[in-house]
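These notes are about the structure you will find just below.
The values are calculated or read from the model by the stated rules, or taken from the named source; none is laboratory data. Every value quoted in this text rests on a predicted model; they were computed, and no experiment measured them. Positions of Cβ are generated from backbone atoms using ideal geometry, with glycine treated the same way; all protein chains shown enter the neighbour counts. Quick note on the areas: whole protein, heavy atoms, side chains included, nothing else; ligands and nucleic acids left out. Shrake-Rupley method; radii C 1.70, N 1.55, O 1.52, S 1.80 Å.
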Amino acid sequence: PIFRRGGRQRSDLSSFPLPPSPFLPSIRYLALGNRPSRSRSESVPGAAMTKQNVVPAEAVAAITAAAAVASSSPLYPYPPPRSFQKKYLSQLDFAGGRIGTWVESMKASSPTHTKAVGAIGVPVDEQSAAWIMRHPSALTKFEQIMSASKGKQIVMFLDYDGTLSPIVEDPDSAFMTDAMRAAVRNVARYFPTAIVTGRCLEKVIDFVGLTELYYAGSHGMDIKGPAKPRHTKAKAKSVLFQPAREFLPMIDGVYRSLLERTKSTAGAKVENNKFCVSVHFRCVDEKSWGALIEQVRSVLKEYPKLRLTQGRKVLEIRPTIKWDKGKALEFLLESLGFADCKDVMPVYIGDDRTDEDAFKVLRDRGQGLGILVSKFPKETNATYSLQEPTEVKDFLVRLVEWKRPTMKALSKRHDFCIPPLLLPFSGLKGSATRAFFPLHRQLKSVIRSVYN
């Protein structure tokens, strides 16, 4: 049987040989019908996306050439475009109803799931090689990234789980290492730095333990800035924002209901992240995923103003307001005074499906770049990639090492000079000299702290 628009009855489709993953190879697109024709160079997802990000000309040329090499090979485009994924997922309804669709999507969002990785019949190492050509390592392309930032203010945005800390079975044990904390602290000395996470604000602040950062918890629905910000422009605003405050009683009710409803599913963990509720299925047997999603959906039937979304081994219940990590990124840029600036370069590093909202904002702005943290090929709006949190740490360390010599040179330039306002007093002697030099030393100390 062949899928055609408005074609056969649903019962006739059951004999179609479906693969074990919602991602089909492009060779079957014709069978699925009405796919618009594209040139061969356009068949590589992410090639056009890369051109929209702000990267140096030579980097664009290198990445485009690599993508062309990948497109000339017999590999199928991996993963398929979003439009096709949505179409195929909707067709899974007949196999197991809406629950079957969610289970397949849960498998696809689990990077370590064998079916999700090797489903299209292409060796995993070849898939990874083609994908890395389109999303090269941010460490390998570090110099090109820094060339693109010349004359611009870098602003850092970092996810937490899977980016600064490893993914662990117990979400309450997702601690970052001391080396990672030191790297983030040093980055925050030179660049405005924000943590954007699905965790509740208080929990992520406790995990990170750095007061000089900006924090956006609950997927950006709970934002707080440092008491004494260091890197803001004159038009910067104070940061304290909670766009979903009215949903707090509703979220608390859902949390209590889910605790009760999911207690029969071994390994399920329900977490209250203040403005959203997370249901972790990292430790749930795959055979029980269908039952778990049914339990979650049965609770949500009573709350039409909440929606169910999906992340990395987690289901999340969030308010229906149009707010996500991408909106949080834009809000923080505006709060820092960089909303309409052309000389700013936002860099967002994240590993989860929810981080794609931020990657897309940067792509649509044509400003800044996204870096996806993943060991496995996946569809993304990010330009570059890193494999794991240790590589994130290495990138942050290199960023500080790149910036530090410039700041030291500026500091030395002002180290032994007399501030211009005090030049009229530089010829004083006696008691006047004793009064002048302590003030001079104080001013030099202030200048050092600014340039450091």
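What to note about this one:
- First in region 199-212 and in contact (Cβ under 8 Å) with a residue 24 or more places away in the chain, second anywhere and among the hydroxyl-bearing types (Ser, Thr, Tyr) and assigned to a helix (DSSP H, G or I), Cβ under 8 Å, 6 or more apart: ARG199/SER218; CYS200/SER218; LEU201/SER218
- Scanning region 264-281 for residues that are out of contact with any strand residue (DSSP E or B) (no Cβ under 9 Å at 6 or more places or on another chain) and farther than 12 Å from LEU315 by Cβ, we see that the one that is most open to solvent (accessible area, probe 1.4 Å) is SER264.
- Scanning region 270-295 for residues that are closer than 20 Å to ASP222 by Cβ and among the hydrophobic types (A, V, I, L, M, F, W, C) turns up VAL270, PHE275, CYS276, VAL277, VAL279.
- In a residue-by-residue description of region 272-289, the property of being among the charged types (D, E, K, R), closer than 21 Å to THR354 by Cα and under 21 Å from the mean Cα position of the chain (by Cα) applies to at least one position.
- The residues of region 147-178 that are part of a loop (DSSP other than H, G, I, E, B) and among the acidic types (Asp, Glu), listed by number, are ASP159, GLU169, ASP170.
- Region 311-329 residues that are among the hydroxyl-bearing types (Ser, Thr, Tyr), paired with ones that are open to solvent by 10 Å² or more (accessible area, probe 1.4 Å) (beta carbon under 7 Å, 6 or more apart): THR320/LYS305; THR320/LEU306; THR320/ARG307
- Strands (runs of 3 or more DSSP E) (entirely within region 305-396) containing at least 1 residues that are among the basic types (Lys, Arg): 306-311, 314-319
- Selection status of THR354, in contact with an Asp or Glu (Cβ under 9 Å, 6 or more places away or on another chain), among the polar types (S, T, N, Q), surrounded by fewer than 18 Cβ atoms within 10 Å (Cβ to Cβ) and touching a residue at least 40 places away in the same chain (Cβ under 8 Å): no
- Taken over region 282-301, the criterion of being in contact (Cβ under 8 Å) with a residue 12 or more places away in the chain, outside any helix (DSSP H, G or I) and either open to solvent by 50 Å² or more (accessible area, probe 1.4 Å) or under 14 Å from ARG261 (Cα atoms) (or both) is satisfied by CYS283, ASP285.
- Matching residues in region 317-349 - criterion: being open to solvent by less than 10 Å² (accessible area, probe 1.4 Å), closer than 27 Å to VAL254 by Cβ and under 16 Å from the mean Cα position of the chain (by Cα): LYS325, GLY326, ALA328, LEU329
- Lone unmet requirement of (1) without any contact (Cβ under 8 Å) to a residue 24 or more places away in the chain; (2) open to solvent by less than 10 Å² (accessible area, probe 1.4 Å) for LEU164: (1)
- Hits in region 336-367 - residues which are among the aliphatic types (A, V, I, L, M) and over 29 Å from ILE317 (Cβ atoms): LEU336, ALA339, VAL344, MET345, VAL347
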